[in-house]
Amino acid sequence: MKTPDLLELATRNLREAILRNALTTLGIAVGIASLVAMLSLGIGLQSMATQRLAKSGLFDTIVVTSRRDFRSFNRSEEKTGPAPAQSRALDENTRLEIEKLPNVKEATPDIRFITEIRYENKPHLTLVSTLPPSAAGKDAFDSMEGKFFSSPAAPEAILQREVALELLGLPEDSKETINSAAMKSLIGKELTMKYAERQAVSFAPTPATPAAAAKVKPEGPLPAESGQFGDFGESSSTASFSVLSRETKLRISGITDQDPEGMKGGGRGRIFLPLKFAQDLHVMVPSDLRENTRSFSSQPTYLTLTVTVSNPSRVQDVQEAIRKMGFNTFSIFDATRSLRRFFSILDLFLGIFGSLALAVASIGIVNTLVMAILERRREIGIMKALGASDIDVKKLFFAEAGAMGFLGGALGVGLGWFLGRVINAGTNVFLKHQDLPPENVWIVPLWLVGGAIVFAVIMSLLAGIYPASRAAKLDPVQALRYE
Amino acid sequence: MPIETDRTTALETVDLCRHYTMGDSLIRAVDGISLRVESGEFVALLGSSGSGKSSLLNLIAGLDHPTSGTVAVQGRDIAKLSRTELARYRRDEVGMVFQAFNLIPTMTLAENVELPMRFAETDRGGRAAAVAKALDRVRLAKRIRHRPSELSGGEQQRASLARALVNWPKMLLADEPTGNLDSRNGTEIMDLIRECNRDLKMTILLVTHERALAERYAERQIFLADGKLIGDTAHGGGTVAEGFVGGPTLAAPQESA
């Protein structure tokens, strides 16, 4: 029998015992719905957890320091590789080199310095740090008051809550939240930041005095090499820099009560500047001094580089590569792997519980089809007398089981999806009540939709094996014998 | 009288047996029957109930397997066919009409008649015409969309004949086709069966216990009793049978226990 005929006969047979078949199909639907529900919950929770971790920046980040920096995170590392004195400086060339390594998303320098800021003419001492444009996606800014930097080089600042409290003259243990009216009033206000500019100068006969330089507008770094006082080798040049005291205006663009720097944080109470803006200021940092004692180059050096890796599982490879270049590295060990393992086990168990309902539904299919054989005994006999082969009869019963499975599966996925929407909505009402941002705890991916329907059909076909082969083996003479 | 044309053997059974065990006793439903039917013949199998005529017909129809012996149809022993080959044989080479009509009640006449073509995997495009033609032959063209329950017994039997004819078999097997019909409807169906024999040159095997009906329509009568062949008009008229049970004309084994 050809497939269209098979399907026609199967649907006609299903329609004939509509109530019984509809109930059986509903049983499958409930089974599939429970399976979809369980797995969606598992998938939703997993993606929520991994997304949170990824956004925290804890697991895809490597901090790179120079071996010449004795304040390194892990002293044991220094025993391998070149001695500090021979190792390379952490400068712009290094940064570009690291950025070209496989699996590296970006390498950003960290510029940090302690300086004085003035707000409404009152001075405050604070730690200044920088953020690259990619930091905008970090979850630390999800609940930020105000906005992230308007452009990578905008003269803007994001304050941590503690700084904001200080500017407002409130005590550190104040209960003031970042979205209070007082805090909001800070957004858009102007700060003045003092800093030390590192200005490269040649060994000119008359070096500029800081006092004189502060009065002239800086003209950017001057050519570093002059070669007047001898030659110290290729990488070195006979140049120096002057330190100029400067001021710049900053507009407050946002206030956050979280720490966007993760493990590098180092205490609260910082203000953040756009990275590009801070680089252009040529702020003098401690490493400049250190490097200058060995070989001075026109390039700025960095205290640390933050390397973002494309995938948390690649952190170790990248870390190894950077270490080979002669730098110290630090990262939190890939915790997502064990997390994924936990969720696979969770999914497995949720799937087993979901499948139990489907197993019950499958028994329903067996029952329905066995009943159908008893009822349609004579009909099977007639079909055989008219030339239906055993395989035709078997296929017909399989088609009926498969059709119930398909319909039940499709209905079940719909039911499961609807259930998921309800649970999502319910969760979000609860979260809103708790003043927490909404979450999708329920995710039904497309593969689950397809997989659940295929699974329903396979289960139904398995359930159809016994009834179908029983129907096929029916002896036509006995089936046709008059009752 | 058999018409002596260029006939070939349509069916030949040799020492055909079908035995069942029911409880402790062995039932010899068909017990060593050897017979030969030429193609195009109209043969009646006569006998009382329990004489084995329906069992014999089932063996010839390929619905049942013999215990021993051979059933050769067009020279091929169907006793040796696999279940699938047997299904193909039933589908392509024989048509069956039953006493109980055996139409599928949930299907319309058209769907009932179409059913054998579904199994035969006939091209869908030609089916409607074939159904119409078959129903037209049994004069039911107007009832094509009706369900069996909406028809009289005679109409149902005609529909079942149309279904038997739709794959154009070489042999038509009719098991008491008039058994559930009144005489007017019985005559009507028998006339149609005779048309199949005369116009379509089909070999007809008619199982009946009505001697008169057999004599009126069949050109040859075979008498059965207790699973044995006891008379065959092809071999010296009724005289062979006369030797066994006092003449078939008088004692067509109507009530022989």
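Take residue A:430 and decide whether it is touching a Gly at 6+ places or on another chain (Cβ under 6 Å) and more than 14 Å from chain B (Cβ to nearest Cβ).
The answer is no for residue A:430.
In segment B:63-93, how many are more than 9 Å from every other protein chain (Cβ to nearest Cβ) and closer than 23 Å to residue B:222 by Cα?
Count: 16.
Does any residue of segment A:21-40 turn out to be within 14 Å of chain B (Cβ to nearest Cβ) and at pLDDT 85 or above?
Yes, the conditions are met somewhere in segment A:21-40.
Yes or no: segment B:89-105 includes at least one residue that is farther than 30 Å from residue B:228 by Cβ and part of a helix (DSSP H, G or I).
Yes; the residues of segment B:89-105 include at least one that is farther than 30 Å from residue B:228 by Cβ and part of a helix (DSSP H, G or I).
Test residue A:385 against the stated conditions and say whether it is touching a strand residue (DSSP E or B) at 6+ places or on another chain (Cβ under 7 Å) and within 14 Å of chain B (Cβ to nearest Cβ). Lay out the reasoning, then the answer.
On the way: touching a strand residue (DSSP E or B) at 6+ places or on another chain (Cβ under 7 Å): yes; within 14 Å of chain B (Cβ to nearest Cβ): yes.
Yes.
If only one of B:229, B:206 is closer than 26 Å to residue B:69 by Cα and modelled with pLDDT of 95 or more, which one is it? Give the derivation first.
Values: B:229 fails: modelled with pLDDT of 95 or more.
The unique qualifying residue is B:206.
Would you point out which residue out of A:443, A:453 is surrounded by 12 or more Cβ atoms within 10 Å (Cβ to Cβ) and part of a helix (DSSP H, G or I)?
Just a single option satisfies the conditions, and that option is A:453.
So that you can scan it fast, the table gives a plain yes or no per residue for (1) within 21 Å of residue B:202 (Cα to Cα); (2) surrounded by 24 or more Cβ atoms within 10 Å (Cβ to Cβ):
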position: B:103; (1), (2): no, yes
position: B:106; (1), (2): no, no
position: B:111; (1), (2): no, no
position: B:132; (1), (2): yes, no
position: B:144; (1), (2): no, no
position: B:149; (1), (2): no, no
position: B:174; (1), (2): yes, yes
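Would you be able to say whether some residue in segment B:212-226 is within 14 Å of chain A (Cβ to nearest Cβ) and at pLDDT below 95?
Scanning segment B:212-226, I find no residue that is within 14 Å of chain A (Cβ to nearest Cβ) and at pLDDT below 95, so the answer is no.
Would you be able to say whether some residue in segment A:310-329 is more than 25 Å from residue A:88 (Cβ to Cβ), surrounded by 17 or more Cβ atoms within 10 Å (Cβ to Cβ), of a type in the set (Ser, Thr, Tyr) and at pLDDT below 85?
Keep residues of segment A:310-329 that are more than 25 Å from residue A:88 (Cβ to Cβ), which gives A:311-313.
Right, trim to surrounded by 17 or more Cβ atoms within 10 Å (Cβ to Cβ) and you get A:312.
In the following step, the residues that additionally are of a type in the set (Ser, Thr, Tyr) were identified as none.
No, segment A:310-329 contains no residue that is more than 25 Å from residue A:88 (Cβ to Cβ), surrounded by 17 or more Cβ atoms within 10 Å (Cβ to Cβ), of a type in the set (Ser, Thr, Tyr) and at pLDDT below 85.
How about segment B:174-188: which of its residues are assigned to a loop (DSSP other than H, G, I, E, B) and within 13 Å of chain A (Cβ to nearest Cβ)?
B:176, B:179, B:180
Condition first: among the basic types (Lys, Arg) and out of contact with any strand residue (DSSP E or B) (no Cβ under 8 Å at 6 or more places or on another chain). Now tell me which residues in segment A:116-152 satisfy that.
Hits for segment A:116-152 are A:122, A:138.
Identify, please: which residue in segment A:239-255 is hydrophobic (A, V, I, L, M, F, W, C) and within 30 Å of residue A:181 (Cβ to Cβ) and is, among those, modelled with the lowest pLDDT?
Filtering segment A:239-255 for residues that are hydrophobic (A, V, I, L, M, F, W, C) and within 30 Å of residue A:181 (Cβ to Cβ), the one modelled with the lowest pLDDT comes out as A:255.
Restricting attention to segment B:51-65, which residues are free of Cβ contacts under 8 Å to residues at least 60 places away in the same chain and more than 13 Å from residue B:172 (Cα to Cα)? Talk me through it step by step, then tell me what you get.
Step one: of segment B:51-65, the residues free of Cβ contacts under 8 Å to residues at least 60 places away in the same chain are B:58-59, B:62-65.
Within segment B:51-65, B:59, B:63, B:64, B:65 meet the criteria.
Within segment A:443-483, work out how many residues are within 58 Å of the chain's Cα centre (by Cα) and either hydrophobic (A, V, I, L, M, F, W, C) or within 14 Å of chain B (Cβ to nearest Cβ) (or both).
Result for segment A:443-483: 23.
Here are some conditions: (1) within 19 Å of residue B:86 (Cβ to Cβ); (2) modelled with pLDDT of 90 or more; (3) not aliphatic (A, V, I, L, M). Residue A:414 meets all but one. Which one does it not meet?
It fails just one condition, (1).
Looking only at segment B:51-60, decide whether some residue is in contact with a Pro (Cβ under 8 Å, 6 or more places away or on another chain), within 14 Å of chain A (Cβ to nearest Cβ) and closer than 24 Å to residue B:214 by Cβ.
Yes, there is a match, as at least one residue in segment B:51-60 is in contact with a Pro (Cβ under 8 Å, 6 or more places away or on another chain), within 14 Å of chain A (Cβ to nearest Cβ) and closer than 24 Å to residue B:214 by Cβ.
Taking only segment A:1-57 into account, find how many residues are assigned to a helix (DSSP H, G or I) and more than 30 Å from residue A:350 (Cα to Cα).
Result for segment A:1-57: 16.
The values are calculated or read from the model by the stated rules, or taken from the named source; none is laboratory data. Since this is a predicted model, take the numbers as computed values, not measurements. Every residue, glycine as well, gets a Cβ built from its backbone with ideal geometry; the counts of neighbours run over all protein chains shown.
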